[in-house]
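Student: Below you will find the structure I want to go over with you.
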Amino acid sequence: MPEKPQTPDEKLQQEFNRWAAEGEGEKMERHHLDITEKTIRLMNLRPGERVLDLGCGSGWATRLLARLVGEGPEGFGQVVGLDVSDEMVRQAREASKDFENILYVWGSAQQIPWEENFFDKVLSVESFYYYPDQDRALMELFRVMAPRGKLFILINLYNDNQYSLQWVDKLKVKVHVRSAAEYVELLQKHAFENVEARRIPDDTPNARARCC
Ligand SMILES: C[S@@+](CC[C@H](N)C(=O)[O-])C[C@H]1O[C@@H](n2cnc3c(N)ncnc32)[C@H](O)[C@@H]1O
């Protein structure tokens, strides 16, 4: 019987549902915490801000963000965690029951189910290289971000990091491998301003032994 092929997002959903079922969501917290905390410091978050965690996985970073934008003199900040894996989203919801300012949404970076001009800041941790159509994802990010909004894309798998390239063939889904300069160019092409690439040192013990 002929079968309808899976879309690229469906393939990602299937693969990351498998990761979630194998407990990878929690392991990623241990692997990504150091670089994520350093990046969150750069985000200069304030109470009242609206933040998107794109490719939020099991939601541990979403919760870090939610604590920083919660109630303050400038209002009650909100964080939206979005992921293509419904199993990651389910785990994230389960672990975030005590948070009133988090909403998890199942969806794709290529079609962000949110209104325009909304988010003050966006964080995406070790997720951007998986997006099948990165141009489309950047168009969507530009649409949902508020004027003067700031985007923080944190990735370890890129062409200038030779060590990370061993993972390209080991992963069961396709990934983009661009250089830092190519990423800067890509963001500029999508009308983002003041684009810069920075190295975030990873002080996690055995950081090189893992990826993504
Ligand atoms: C390596 S994990 C990182 C998860 C989380 N940010 C962390 O650091 O623990 C990559 C995540 O990106 C999500 N993802 C991949 N492609 C996506 C897409 N097209 N749209 C939304 N999320 C996506 C995956 O489901 C997965 O949860």
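Student: Taking the condition farther than 24 Å from V79 by Cβ, surrounded by 15 or more Cβ atoms within 10 Å (Cβ to Cβ) and aliphatic (A, V, I, L, M), does V184 pass? Break it down into steps so the answer makes sense when it comes.
Tutor: On the way: farther than 24 Å from V79 by Cβ: yes; surrounded by 15 or more Cβ atoms within 10 Å (Cβ to Cβ): yes; aliphatic (A, V, I, L, M): yes.
Yes, satisfied.
Student: Would you point out which residue out of R67, R93 is at pLDDT 95 or above, away from the ligand (no atom under 12 Å from the Cβ) and under 21 Å from H31 (Cβ atoms)? Working first, answer last.
Tutor: Details: R93 fails: under 21 Å from H31 (Cβ atoms).
Exactly one residue qualifies, and that residue is R67.
Student: Restricting to region 96-121, name every residue that is more than 12 Å from the ligand (Cβ to nearest atom), in contact with a helix residue (DSSP H, G or I) (Cβ under 8 Å, 6 or more places away or on another chain) and not polar (S, T, N, Q). Spell out the reasoning first.
Tutor: If we filter region 96-121 for residues that are more than 12 Å from the ligand (Cβ to nearest atom), which is where we start, we get 96-103, 114-121.
Remaining after also requiring in contact with a helix residue (DSSP H, G or I) (Cβ under 8 Å, 6 or more places away or on another chain): 96, 99, 101-102, 114-119, 121.
The answer is F99, I102, W114, E115, E116, F118, F119, K121.
Student: Which one is farthest from the ligand (Cβ to nearest atom), of the residues in region 10-48 that are of a type in the set (G, A, S) and surrounded by 15 or more Cβ atoms within 10 Å (Cβ to Cβ)?
Tutor: Within region 10-48, the match that is farthest from the ligand (Cβ to nearest atom) is G48.
Student: Here is a follow-up. With respect to the numbered conditions (1) in contact with a helix residue (DSSP H, G or I) (Cβ under 8 Å, 6 or more places away or on another chain); (2) assigned to a helix (DSSP H, G or I); (3) more than 9 Å from the ligand (Cβ to nearest atom); (4) of a type in the set (A, V, I, L, M), which one is the sole condition not fulfilled by V51?
Tutor: Of the numbered conditions (1) in contact with a helix residue (DSSP H, G or I) (Cβ under 8 Å, 6 or more places away or on another chain); (2) assigned to a helix (DSSP H, G or I); (3) more than 9 Å from the ligand (Cβ to nearest atom); (4) of a type in the set (A, V, I, L, M), the odd one out for V51 is (2).
Student: Can you tell me how many residues in region 141-165 are within 14 Å of the ligand (Cβ to nearest atom) and over 28 Å from K27 (Cβ atoms)?
Tutor: Adding up the residues that qualify gives 1.
The values are calculated or read from the model by the stated rules, or taken from the named source; none is laboratory data. Quick caveat, the model's predicted, so the values are computed rather than measured. Please note: Cβ atoms are built from the backbone with ideal geometry, for glycine as well, and neighbour counts cover all protein chains shown.
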